[in-house]
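The values are calculated or read from the model by the stated rules, or taken from the named source; none is laboratory data. Remember, predicted model here, so these are calculated numbers, not experimental data. Virtual Cβ from ideal backbone geometry, glycine too; neighbours counted across all protein chains shown.
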Amino acid sequence: MGLRFYLHIPRDLPHLVGDGISVAPGGIIYSSITPIQYTLLAKHKWGDCIESWPKGISLDGVYSSARCQAFCRATYFTNKCGCSPFVYDLNEKFTRCTPYKLYECIKDEPIDSLEEALKCDQCSIECDRWTYSTSNSYDFGYSPGAYEWFNDRSPNWTEEYVKNNFVALNIYYKELTYSYFEQLQGSDLVVLFSNIGGNMGMFVGMSLLSCTEVIIFLSKISWILFSKKRRNYLKQKKDQEKEREQKLEEALKNIKLEAAKAAEENEAKLEQTLKNIKDLALASKQAEEARKEQEKSSWR
């Protein structure tokens with residue numbers, strides 16, 4: 001028969017079928033193990049793992065995805081068949097099914113439907129998990145001193161009996177270190193905003209102030225589109241501005257007309273004054289010439 005074993009932390013379930021290590025009777029195995037720790041991001045940090053038992057499932061101890069799935073599947077079979085396969089009844093809370101009863105219960109169930117029901121999507125992977133990588137080497141047979149030691153423990157443990165019923169396991173750490181893998185966010189909220197702001201500033205020329213102005217502009221446009229009262233207010237305000245501009249234009253036009261009229265009057269007055277001055281100058285010149293003629297006549 002031999003022995004099959006699987007290395008795991010206490011909260012996990014042994015995966016003997018897929019990952020188990022087999023040893024034949026009379027064999028010796030040397031398994032060097034390397035621990036590996038994984039720290040993943042929880043869902044509230046943009047990850048996929050969970051740190052506590054999901055809603056509807058409450059078991060003792062630290063959360064384990066394997067135990068959660070086992071409880072979920074045991075609950076499904078209990079609701080459907082009235083009992084659960086023993087491999088899922090970890091805490092011995094359910095009635096266990098016999099193989100025949102389980103077969104009779106699910107023989108008409110489509111495979112796709114059964115697989116979908118047994119997925120248990122709420123049982124996500126745990127955020128802190130350990131695995132063990134093993135390197136194995138085998139040997140067969142024991143030393144004469146080992147056979148003597150077995151025979152001293154029990155006369156019935158003969159050499160042939162030991163070869164057919166005993167195996168030797170030697171499990172040890174390969175190194176006094178372990179590998180650690182941590183899942184980190186590619187970018188957090190601060191880095192995201194920094195990248196957006198940097199790219200916008202480089203390629204679009206936008207800043208925080210211009211973004212604020214765009215937001216205010218869009219909010220005002222939205223307010224106008226969805227508020228009839230706002231549209232009426234803006235229309236009324238526009239009409240008032242137009243009326244004020246018309247009054248201002250009329251006032252400026254009147255001022256220009258009055259200024260032009262005053263300029264014409266001043267120009268006419270100036271021309272009349274210049275004409276009077278010219279007339280006076282001409283009369284004075286004529287009087288001077290007459291005086292000179294008169295003086296000439298008296299000298300003769």
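Go over the candidates I196, I224, I255, I215 one by one and state the one that is without any contact (Cβ under 8 Å) to a residue 24 or more places away in the chain and either assigned to a loop (DSSP other than H, G, I, E, B) or touching a Lys or Arg at 6+ places or on another chain (Cβ under 7 Å) (or both).
Values: I196 fails: either assigned to a loop (DSSP other than H, G, I, E, B) or touching a Lys or Arg at 6+ places or on another chain (Cβ under 7 Å) (or both); I255 fails: either assigned to a loop (DSSP other than H, G, I, E, B) or touching a Lys or Arg at 6+ places or on another chain (Cβ under 7 Å) (or both); I215 fails: either assigned to a loop (DSSP other than H, G, I, E, B) or touching a Lys or Arg at 6+ places or on another chain (Cβ under 7 Å) (or both).
Residue meeting the stated conditions: I224.
Could you check region 179-193 and list, in sequence order, the residues that are among the charged types (D, E, K, R) and in a strand (DSSP E or B)? Lay out the reasoning, then the answer.
Let us first name the residues in region 179-193 that are among the charged types (D, E, K, R), namely 182, 188.
Selection gives E182 alone.
Kindly indicate the residue of region 50-84 that is farther than 15 Å from C120 by Cβ and hydrophobic (A, V, I, L, M, F, W, C) and also surrounded by the most Cβ atoms within 10 Å (Cβ to Cβ) among those meeting that condition.
C83
Please count how many residues of region 19-59 are free of Cβ contacts under 8 Å to residues at least 24 places away in the same chain and either over 30 Å from G141 (Cα atoms) or part of a strand (DSSP E or B) (or both).
Of the residues in region 19-59, the ones free of Cβ contacts under 8 Å to residues at least 24 places away in the same chain are 19-20, 22, 44, 52-53, 58.
Within this subset, residues satisfying the condition of being either over 30 Å from G141 (Cα atoms) or part of a strand (DSSP E or B) (or both) are 22, 44, 52-53, 58.
The total comes to 5.
Please verify whether region 139-150 includes one or more residues that are charged (D, E, K, R) and at pLDDT 85 or above.
Looking through region 139-150, at least one residue is charged (D, E, K, R) and at pLDDT 85 or above.
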